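As structure tokens, the structure follows; a few thoughts come after it.
Each value in this text was obtained by applying a stated rule to the coordinates, not by laboratory testing. Quick caveat: nothing in here was measured; it's all calculated off a predicted structure. Cβ atoms come from the backbone with ideal geometry, glycine included; neighbour counts cover every protein chain shown.
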Amino acid sequence: MFLFPKKNTNLQLDKFLLPVLLLLLVFLSYYNFIFLENARPGKILQDTLQSMEENYDTFDIEIIERGEGYRIYFTGSLKDKDIIYGNIAGHKLDIYKHSSGELFIKDLKDGIWKSAAELKLDSLHDFFVSPLQLLPLWSHLFKNAKLINYPDSQEKIIQLNISPQEMEEAGIFKDYFQDGSFWLECLVFIDPENLFINQVVLSLYDQKKLESILSRTFSIRHSENGFPDAIPALILGDGTGRRR
């Protein structure tokens, strides 16, 4: 009678499981990399801006700025990131910002559209810088973006910290960026399902006094009515801006 040695089943099992485990490890590592890459705040913000640029060109926009002793409220339309038309309600001022960056205001005295410079209202240029124009200027900061957790919020809230130098290059809050003690916090509220920016909040802080100086909130919605096409021709006319 011959005795046959038993096969080492444990050894065979190890030989089978080892490649499977290695393959599973590679798959999980790849999946984790892709998941983390897509979940990064900067990536979410970049994808959202790209989606909005590809799918929308006209928005309804509200801008509210609050500072010590004052409040400015604007409501109107935004087209192609930087063309703005609307009204500053409390002051009964009709505003039109051309794609060139020139700002026109309807003079309350004679009802004629004039440049902001002519009406000595140049300071309003700072107020009418679109968030969809600002954020791409700060895209190099997206790698340092942070995700903020707000209880019960369905939105993705992304934080960017903006230095005085970045403020100067963007041309906003010009009265403050020359003093290095000020810094700007930018919060972007994103609808993750539709990849749409609902709101952008800019808050200016004084680091020396540890206090808030002002806040500017942009609320954005997709426009159902489109941009008033007659406005540019009405305002610019022959290029002088002097049209009723």
>> Counting only other residues whose beta carbon sits under 15 Å from that of ASN198, what net charge do I get with K and R as +1, D and E as -1?
In response: -3
> Rounded to the nearest 0.05, what FRET efficiency do ASP152 and SER203 have when you use their Cβ-Cβ distance and R0 = 30 Å?
Replying inline: 0.90
> So, by mean Cβ neighbours within 10 angstrom, what's the order for 196-203, 134-141 with the highest one leading?
Replying inline: 196-203, 134-141
> Once the Cβ-Cβ distance between ALA89 and ASP57 is put in as r, and R0 is 22 Å, what FRET efficiency do you end up with, to the nearest 0.05?
Replying inline: 0.30
> If Lys and Arg each add +1 and Asp and Glu each add -1, what is the summed charge of the other residues whose beta carbon sits under 11 Å from the beta carbon of MET52?
Replying inline: -4
>> Output wanted: per-residue J couplings in Hz (rounded whole) for region 57-66, from phi through Karplus 6.51 cos²θ - 1.76 cosθ + 1.60, θ = phi - 60°, x for Gly and Pro.
In response: 10, 10, 9, 8, 9, 10, 10, 10, 10, 10
> Of SER99, SER130, how do they rank once you tally other Cβ atoms within 10 Å and put the fewest first?
Replying inline: SER99, SER130
